[in-house]
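As structure tokens, the structure follows; a few thoughts come after it.
Each reported figure results from applying straightforward, stated rules to the coordinates on display, with no laboratory input. Predicted model, so just to flag it, every value in this text is computed and none were measured. Positions of Cβ are generated from backbone atoms using ideal geometry, with glycine treated the same way; all protein chains shown enter the neighbour counts.
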Amino acid sequence: MNKKVILGILISIISIALVYFSVRGINIQDVSNALKKIQLSYVIYFILLVILMQWLRSYRWGVILQPMEKIDQLSLFSVTCVGFLAIAGIPARIGELARPYLISKRSTIKMSSALGTILVERVLDGFSVLAIAVIVLFLTDLPPWMIKSSIIFFLLALVIFCFIVFLILRRDTALKLINKILGKLPGKFAHRIDELIHHFIDGFQVITNIKFLLYLFFLSALVWVLDVLAIYILLLAFGFTLPVMASFVVMIILIVGIAIPTAPGYIGNWHLACVLGLSIFGLAEAEALSFAVVYHFLSMAIVVVFGVIFLPFNKFSISDMKSQLNYKKVDEDLK
């Protein structure tokens, strides 16, 4: 309990610090004036694009899950909406477990296997965003810290992808290496973890199909292009005359920013990321903050509304969700 309290305090401190850096030196009246300029017609287009992105994410997940079991699109969309609500509402990224947990309740897919598909999603997203980042690097002068972050992000995604490929193509060899490590653990515990890893690797099956893999890369690129388009449309709603590249930069910095564990709803890091990204293109901080506030509010509102709509059909408890990956529970599931 003490560890949880300390973690909660640290997350709160980080959030408060990020909020402070977001609003430091900004005239609130200037922010208010910028908010009054919003054109609602563009806001409607933005909302429709974000909903389309959510649907596309759920569809892509279904493609990744397909080698294990074909799941209907309504169930995928329903679980995805509740899963994103959990991610936004539960601190320290614990909400990432919600989708694997919920889909395991609706199908014969093990939660550990479904968790493997989430890792595949992250790798696909990583390479897609990096492809976009490379384009931005060639067309825009970016600060050194952003270039370094992109390189680190690329190397991390590449390492994870190579590790996944190694687990698939050299499954027996990989498991032998893992078993050597597990051999140092108590026998009963090691056996349970070994079984869990087997199911986790099953979640990578889609990578063995080149046709599916290329299709997934296309879907992933489409998701992030829609994201860029949504950001650009929202910039137009404020009347900002910025190049499309500004939308790419905001998206990339925001992805890095919300990866930092903070309070529920990405409060603070979302706003600071937008202010930093738009400041590169000379936008006043007050106007950048007004954009960040609206962008964050609309995005979270969509997540909450759809999450609440589908929540009655996808009920879960945090304790049960976490226990699914507890070795005692895993052993019971595998019997």
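Side notes on the structure shown:
- Estimated inter-spin distance, F297 and A131, nm [label 7 Å along Cα→Cβ]: 3.6
- Across K148/K315; K70/K315; K105/K211, pairs whose alpha-carbon gap is larger than 32 Å: K148/K315
- Added length on full extension, which subtracts the Cα-Cα distance from 0.36 nm per residue, A259 to Y215: 13.2 nm
- Net lengthening on full extension, T241/L156 (0.36 nm per residue, minus Cα-Cα): 27.1 nm
- Put a dot 7 Å past the Cα of V308, heading toward its Cβ, do the same for A174, and the two dots end up 4.2 nm apart.
- Modelled label positions at Q73 and T108, each set 7 Å beyond Cα in the direction of Cβ, lie 2.5 nm from each other.
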